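Colleague: Handing you this structure, nothing more for now.
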Number of protein chains: 2
Amino acid sequence: MKKLINAPEDVVPDALRGLAAAHPELSVDLEHRIVVRRDAPVSGKVGLVSGGGTGHEPLHSGFVGAGMLDAACAGEVFTSPVPDQMAAATAAVHAGAGVLHIVKNYTGDVLNFRMAAELAEDDGIEVRQVVVDDDVAVVDSLYTAGRRGTGATLFVEKLAGAKAEAGAPLAEVADLARRVNERSRSFGVALTACTTPAKGGPTFDLPADQLELGIGIHGEPGRERRAMMTAREVAEASLDAVLAELPAGGEPGEPVLVLVNGMGGTPLLELYLLHGEIDRILRERGVPVARVLVGNYVTSLDMAGCMVTLCRADEEFLRLWDAPVRTPALRW
Amino acid sequence: MKKLINAPEDVVPDALRGLAAAHPELSVDLEHRIVVRRDAPVSGKVGLVSGGGTGHEPLHSGFVGAGMLDAACAGEVFTSPVPDQMAAATAAVHAGAGVLHIVKNYTGDVLNFRMAAELAEDDGIEVRQVVVDDDVAVVDSLYTAGRRGTGATLFVEKLAGAKAEAGAPLAEVADLARRVNERSRSFGVALTACTTPAKGGPTFDLPADQLELGIGIHGEPGRERRAMMTAREVAEASLDAVLAELPAGGEPGEPVLVLVNGMGGTPLLELYLLHGEIDRILRERGVPVARVLVGNYVTSLDMAGCMVTLCRADEEFLRLWDAPVRTPALRW
């Protein structure tokens, strides 16, 4: 196995140490494996906590900072964090206005965050939970009941983060987060499987002349295998799948936020090239594009591939997207 | 070959089209294959132009914007742009205060930028050239006379960009750029070779249990092959090589800027983990760290691996590093 690591069992603490050294504006609790805004708790603000298995970086730790998350919990690779971590993060960011848990829809994450919410509520902290389930590729998988949570997590964390930063109360932040999730859909394609440190080999076998449509972010196989496709064909297949299930939006002709996301091992050159095709197809189909983000944001270790996420955006969404954000991975 | 492309011969124009669609704040000239700040030429400001072969993204096109480059020229993959492109970029950004060409030290790039400077000077534009040559791994390679230009290009473009944005005259911006290069050193390590679209296979063979020390950014092999190493060992070998040739700086104990750079196919998780080791070793050796950047910035297509660049920074360097920058890949 070729990875820049020391030992498979040390990947998570070692990476958190490096994150702490690189970002003095974050407070990294190595015991609980949580990453917290250094200025947390922010007086009067609703706290936003997310987290999940490690291996999806920059999600979630790279999205901690002003205008986005207050804290992120790091589980082992592709493994949910435990309720104690989540409860510690919740307590660290609670400033009296309550805390929103943003949870990707995987059975372990949902259960553990629910237990953490109960622990926090025992301590008098009001907690709401929003579950992200945007992936149209499969319903019910190895890890999930219902759709999986993938690229839309970035939209939920950014928009709810901006709403909380603006001083909205917990019920409104939670409602906004739910609306963002409901209006978002994703579809992913793998050119290679990923290699987990513990396994030391690819999580599934993908021949050199094939790709896999409808993959998730945990190295699980997708819904269909095909002969290698051009970027144009990948863009078409992805948008066919996403647009078939994307809500129409409140007003006719409402535009979309577009995330052209790399799975971790795909260079930016290819992602921009893919976006050229995405943009062309959306124009042809009369879908107005309001904002675009291209890069490796919601990843699956070293997997080569891409995921396209669209979010049907009303005017509030656009205002919240444009609001300032200061995190390691998203800054404007 | 598994890449998100349409056809090898269309990679550069297709990717530029996607870049244009994603970044309306940039003006992309598809005929000349140049990327220009939309507000260029900026009245009274020295213009900064760089460029080189495609395949190193986000370098250089992702560094175009306020506080960094005014324009970038895109060559074919791993191939220098031609003088006409560079001359067009120079004319597009000239605002009366002259233009600085920032050139990585590869024979084709140096010669073509020199010809472009002559063309521009025929049109009455004053041009200075700074050549970046920070890579300590090899002297004289397949592509270079002298040391290769790699990671320090980011430091030169950021600091000279801030200096130009602050209104400094051409001679001072050029002098600053030269000083940044002189005080910077890099060393790279590959876990895999990269695959160019034209070749369709790896540029060199690297067995599954070996890595290559001292690689460049064009898929050329390095100076030594070893059995797979831990992140700790990679950090040590890289810093041994860099620190042996890093200038001491003007004052005793001057700190360094640190770039922990991925080669394109290495996920952020591993780069942060590596930075944990880099940070620890620099502390042990008494090298103060002033600023850190971790990510895939100066890449070699889909190569897995890393490059460490240090720049000995005086107070002016730190001020210029901290100055605002608004480009696709670097924003603060």
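The values are calculated or read from the model by the stated rules, or taken from the named source; none is laboratory data. All of these numbers come straight from a predicted model, not from anything done at the bench. We place every Cβ from the backbone using ideal geometry, glycine too, and count neighbours over all the protein chains shown. Note: areas computed on protein heavy atoms with side chains; ligands, DNA, RNA excluded. Shrake-Rupley method; radii C 1.70, N 1.55, O 1.52, S 1.80 Å.
Colleague: Per DSSP H run of at least 4 residues, take -39500 (n - 2.57); add these up for chain B, divide by its residues and hand me the 222 nm value, nearest 500 deg cm²/dmol.
Modeller: -10000 deg cm²/dmol
Colleague: Can you give the net charge of the other residues whose Cβ lies under 10 Å from the Cβ of A:Gly149, counting K and R as +1 and D and E as -1?
Modeller: Here the count lands on -1.
Colleague: Measuring from a point 7 Å out along Cα→Cβ, what nm distances, shortest first, does B:Asp84 have to its partners in the other copies?
Modeller: For B:Asp84, the other copies' label points sit at 6.8 nm, shortest first.
Colleague: Would you give the gap between the C-alpha center of the stretch B:171-208 and the C-alpha center of the stretch B:1-54, rounded to a whole Å?
Modeller: Spelled out, the Cα-based centre of one part sits 20 Å from the other.
Colleague: Taking a ≥ b ≥ c as the square roots of the Cα gyration tensor eigenvalues, with a/c under 1.5 meaning rounded and otherwise prolate when a/b beats b/c, else oblate, which class fits the stretch A:153-210?
Modeller: Cα axes put the stretch A:153-210 in the prolate bin.
Colleague: Counting only protein heavy atoms and a 1.4 Å probe, tell me what percentage of the stretch A:184-322's accessible area is made up of carbon and sulfur.
Modeller: 48 percent
Colleague: With chain B treated as a Gaussian network of Cα nodes joined by springs under 10 Å, which of B:Gln129, B:Gln210, B:Gln85 yields the largest mean-square fluctuation?
Modeller: Among B:Gln129, B:Gln210, B:Gln85, the largest mean-square fluctuation in the Gaussian network model of chain B belongs to B:Gln210.
Colleague: Ignoring trypsin sites (Lys or Arg not before Pro) that are buried or in helix or strand per DSSP, and keeping those with at most 12 other beta carbon atoms within 10 Å, what is the longest stretch of chain B between them?
Modeller: Between the exposed loop sites, the longest stretch runs B:39-284.
Colleague: When a/c is below 1.5 the answer is rounded, else prolate if a/b is larger than b/c, else oblate, so apply that to chain B with a ≥ b ≥ c taken from the square roots of the Cα gyration tensor eigenvalues.
Modeller: Oblate, since a/c reaches 1.5 and b/c is not below a/b.
Colleague: Can you list the copy-to-copy distances for A:Gly96, using a point 7 angstrom from Cα toward Cβ, in nanometres, shortest first?
Modeller: Spelled out, the distances from A:Gly96's label point are 5.6 nm.
Colleague: Quick check for you: with a 1.4 Å probe and neighbouring chains kept, what is the accessible area per residue of the protein assembly as shown, in Å²?
Modeller: Solvent-accessible surface per residue comes out at 33 Å².
Colleague: Can you check what the net charge comes to around A:Val36, using other residues whose Cβ is under 12 Å from the Cβ of A:Val36 (Lys, Arg +1; Asp, Glu -1)?
Modeller: Once positives and negatives cancel, what remains is -1.
Colleague: Which pairs, out of A:Lys104/B:Lys2; B:Lys104/B:Lys163; A:Lys158/B:Lys163, put more than 22 Å between their alpha-carbon atoms?
Modeller: A:Lys104/B:Lys2; A:Lys158/B:Lys163, as the Cα separations exceed 22 Å there.
Colleague: Also: Could you pull the copy-to-copy label distances for A:Asp314, with points set 7 Å along Cα to Cβ, in nm to one decimal and sorted shortest first?
Modeller: Label-point distances to the other copies, shortest first: 5.7 nm.
Colleague: Provide the percentage of antiparallel DSSP beta bridges, counting only those with both residues in chain A; round to the nearest 5.
Modeller: Bridges in chain A are about 55 percent antiparallel.
Colleague: Go ahead and set up a Gaussian network model of chain A, Cα springs under 10 Å, then flag whichever of A:Ala89, A:Ala198, A:Ala160 fluctuates most.
Modeller: A:Ala198
Colleague: Taking the Cα centre of each part, how many Å lie between the stretch A:144-163 and the stretch A:69-139?
Modeller: Here the answer is 13 Å between Cα centres.
Colleague: Sticking with this one: What percentages, rounded to whole numbers, describe P(r) for the protein assembly as shown computed over all alpha carbon pairs with 10 Å bin width beginning at zero?
Modeller: Values per bin, smallest distances first: 3, 17, 27, 28, 18, 6, 1, 0.
Colleague: Ballpark to the nearest 100 Å², how much total accessible area do B and A bury together, probe 1.4 Å?
Modeller: For B against A, buried area totals roughly 4200 Å².
Colleague: Then there's this: Considering only protein heavy atoms and a probe of 1.4 Å, how much of the accessible area of the stretch A:11-177 is carbon and sulfur, as a whole percent?
Modeller: 52 percent
Colleague: Report the calculated FRET efficiency for B:Ala248 and A:Ala198 (r = Cβ-Cβ distance, R0 = 45 Å), to the nearest 0.05.
Modeller: That gives a FRET efficiency of 0.55.
Colleague: Please give the per residue volume of the convex hull enclosing the alpha carbon atoms of the stretch A:184-322, rounded to a whole number of Å³.
Modeller: Hull volume over Cα atoms, normalised by residue count, gives 106 Å³.
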